[in-house]
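Right, one structure below, let's go through it.
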Amino acid sequence: MSKICFIVGHGKSKSGGYDPGATSGTAQEFKIAKEIAKYAQQYYNATYQEQADLINYDGSLYLTDRINKVNASGYDFVAEIHLNAGGGTGTECYYSSGNNKGNQYATAITDNIASVFGIKNRGAKVKLNSSGKDYFAIIRETDPTGVLIETVFIDTASDLDKVNTAVGQKRCGEAIAKAVAAARGAETKPEALSSPSHTKQEIPAKNFRVKITCDKLNIRADAGTDNKIVGTVSKSEVFTIVETKKVGSVEWGRLKSGAGWISLKAPYSKRI
Ligand SMILES: [Zn+2]
């Protein structure tokens, strides 16, 4: 039986109807959160020896149903996935007041999401209600250590852009899964460690190499000059590009190392 669980926030209202959570234009919190939670579970179960459950992917459970399910399952850790609203930017994660383990999970999760997307890290937080108890019922009313992840702000375009595609949802889910695994010391499956066959699968034929043709070129957290600078590369260095994206008329390439993205525009770099 699984010891941990990813939970999707929202999906069903108290009266039984559909609850999309926060919305912004056509974007709905529940629909994005469910995909992030799915990718978190997929990555976790493919990579680590222990397995994670996924609750409320189909939106069939109201908050109290989710709490009851968690308390009937004997988990030692649960994470409920949400998107924030209210016009801020960045990622934050709530844990139960006084729970040091919860603080560790929440800190690892926000560190990972902030670094994968190059967004503000609002950090691990505690929120109390007027009685001095944890504000969020999914943390307050459940037995395991629980966290509530406010991945990014749905109503801030630059945040929403990060999770509004399957690629972004996957990156977010994987960032969460890796943080949870690190915080609990989960052991990697032997077959998930690099092996020739695994490496082969991860390098599709469309990958190509580029040579840096200017003195210094910034590595950015995502494609586009609006994103945070996370490092630099230097003249004559050669890199493998595993994904490309166009921002305006400029093509950007994702470095195979996972360090970030560089501009593929001449005269900064050239394909070799
Ligand atoms: Zn929410």
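Brief remarks on what is shown
- Helices (runs of 4 or more DSSP H) enclosed by segment 52-160 - at least 2 residues per element that are crowded, with 16+ Cβ neighbours inside 10 Å, without any contact (Cβ under 8 Å) to a residue 40 or more places away in the chain and away from the ligand (no atom under 14 Å from the Cβ): 100-117
- Checking residue 229 against (1) closer than 25 Å to residue 114 by Cβ; (2) in contact (Cβ under 8 Å) with a residue 12 or more places away in the chain, the condition it does not meet: (2)
- Enumeration of residues in segment 7-41 that are of a type in the set (S, T, N, Q), farther than 19 Å from residue 158 by Cα and not in a loop (DSSP other than H, G, I, E, B): 41
- For segment 223-272, filtering for residues that are open to solvent by 30 Å² or more (accessible area, probe 1.4 Å) and aromatic (Phe, Trp, Tyr) leaves 2.
- Applying the criterion of being of a type in the set (Val, Ile, Thr) and surrounded by fewer than 17 Cβ atoms within 10 Å (Cβ to Cβ) to the residues of segment 18-35, the residue that is farthest from the ligand (Cβ to nearest atom) is 26.
- Exclusive hit being modelled with pLDDT of 95 or more and open to solvent by 60 Å² or more (accessible area, probe 1.4 Å), set 206, 178, 200: 178
The values are calculated or read from the model by the stated rules, or taken from the named source; none is laboratory data. Please read all numbers here as calculations on a predicted model, not as lab measurements. Using ideal geometry, Cβ is built from the backbone for each residue, glycine included, and neighbour counts are taken over all protein chains shown. Areas reflect the complete protein model, heavy atoms only, side chains present, ligands, DNA and RNA absent. Shrake-Rupley method; radii C 1.70, N 1.55, O 1.52, S 1.80 Å.
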